[in-house]
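Encoded as structure tokens, the structure appears first; notes follow it.
Only the coordinates and a few stated rules stand behind these numbers; no lab work does. Quick caveat: nothing in here was measured; it's all calculated off a predicted structure. A quick note on method: Cβ atoms are made from the backbone with ideal geometry, for glycine too, and the neighbour counts reach across all protein chains shown.
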Amino acid sequence: MTAVAAVPEKPGKVKAFLRLVVIEHSVFALPFAYLSAAVALHREGTGVHWVDLLLVTIAMVAGRTFAMAANRILDRKIDALNPRTQNRELVTGAVSPRTAWTGAVVSLVVLFVAAGLLNWLCLVLAPLAVIPLVVYPYAKRFTNFPHYVLALAQAVAPVGAWLAITGTFAGSGPAWLLGVAVGLWIGGFDIIYACQDVEIDRKIGVHSTPARFGVPTALHISTATHVVTFALFVWFGQLAGLGWLWWIGLAATAVGLVYQHIVVTPTDLSKVNRAFFTANGFIAIALFLFALLDLLLL
């Protein structure tokens, strides 16, 4: 009897959608939302608001999921032209546009429900938070600096978490500093990430800092952006009144940032993904853990 080769099982719609939006990358922004919330809770001195933290988590993941789904939907034709992105689920057909739109709408509804359950201010401001999430996919069509539109979208998380805990803008200076720092951190790395696509971007008319100015100059711009990021982290620590444990975490962050700019060079972009997954995950988790320990122990 002739053996019949097993046919790989096609993933379910939900699993395929979660792969489309790379759900595990939520870890990069969540720690900074938690950090902002932790500082706000420490200042209020009212104990941990577990329900609020749960709603912050739900809102954050839902917002990021919506943003990624919208990005993939709006960019699917561009992705089909780029060899690096031709295997994305909307291009291969593993996820249909209808499924992606359904996931995006459901995520948006979950975001608004979570914001409403937090407080009226979060609900009122939620539509404003969504705007840069939608604008970002279009930015690469008209500006050489779409990375900073992404930075604006990422800056929302710490500010939103602060408002979720306090329900007011009063005393929210640390959250704004942290938001700008996080945004520039992600934006600076997005410049590095875009260096992989310089030639194809120029060919198909996609705008980016590397495509406009070349890889060496783009990497210098990314370095300058991360220098500003680090300065803002320092300022945040001072304004939030964090102690020596925070500064240890910040030193570890400096190592992570330097690592990104050492392993990625104009002549060798092969380690971009390593810099993304390893360094960024390390930076996010290290800063949050050291800040949390500082708030709890000092």
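Binning the C-alpha pair distances of the chain at 10 Å intervals from 0 yields a P(r) profile of 6, 26, 33, 23, 9, 2, 1, 0 %, listed from the shortest bin outward. The share of alpha-carbon pairs in segment 80-119 lying farther apart than 12 Å comes to 66%. A simple count of charges around residue 97, restricted to other residues whose Cβ falls under 15 Å of its Cβ and scoring Lys, Arg +1 and Asp, Glu -1, yields +3.
Around residue 172, what is the net charge, scoring Lys/Arg as +1 and Asp/Glu as -1 over all other residues with Cβ under 14 Å from its Cβ? Could you put the intermediate results ahead of the total?
Working: positive: 43; negative: 44.
Local net charge: 0.
Two tests apply to each whole DSSP H helix in the chain, Cα reach of 15 Å or more along its axis and mean Kyte-Doolittle hydropathy of at least -0.5, and the ones passing both are 30-44, 50-74, 97-118, 120-139, 146-166, 173-194, 215-240, 244-263, 281-297. Once you reduce segment 104-182 and segment 191-211 to the center of their Cα atoms, the two points are 26 Å from each other.
Note the full-extension length gain between residue 203 and residue 27 as 0.36 nm times their separation in residues minus their Cα-Cα distance, in nm to one decimal. Provide the component values of the computation, followed by the final result.
Details: separation 176, 0.36 × 176 = 63.36 nm, distance 3.35 nm.
Between residue 203 and residue 27, full extension yields 60.0 nm more.
Comparing Cα centroids, segment 9-40 and segment 249-281 end up 21 angstrom apart. Close Lys pairs in the chain (alpha-carbon distance under 26 Å; sequence gap of 8 or more, or different chains): 8. With runs of 4+ DSSP H residues as the only contributors, calculate the mean residue ellipticity of the chain at 222 nm using -39,500 (n - 2.57) per run, divided by the residue total and rounded to the nearest 500. Calculated at 222 nm, the ellipticity per residue is -24000 deg cm²/dmol.
If packing is taken as the mean number of other Cβ atoms within 10 Å per residue, what is the order of 290-296, 156-162, highest first?
156-162, 290-296
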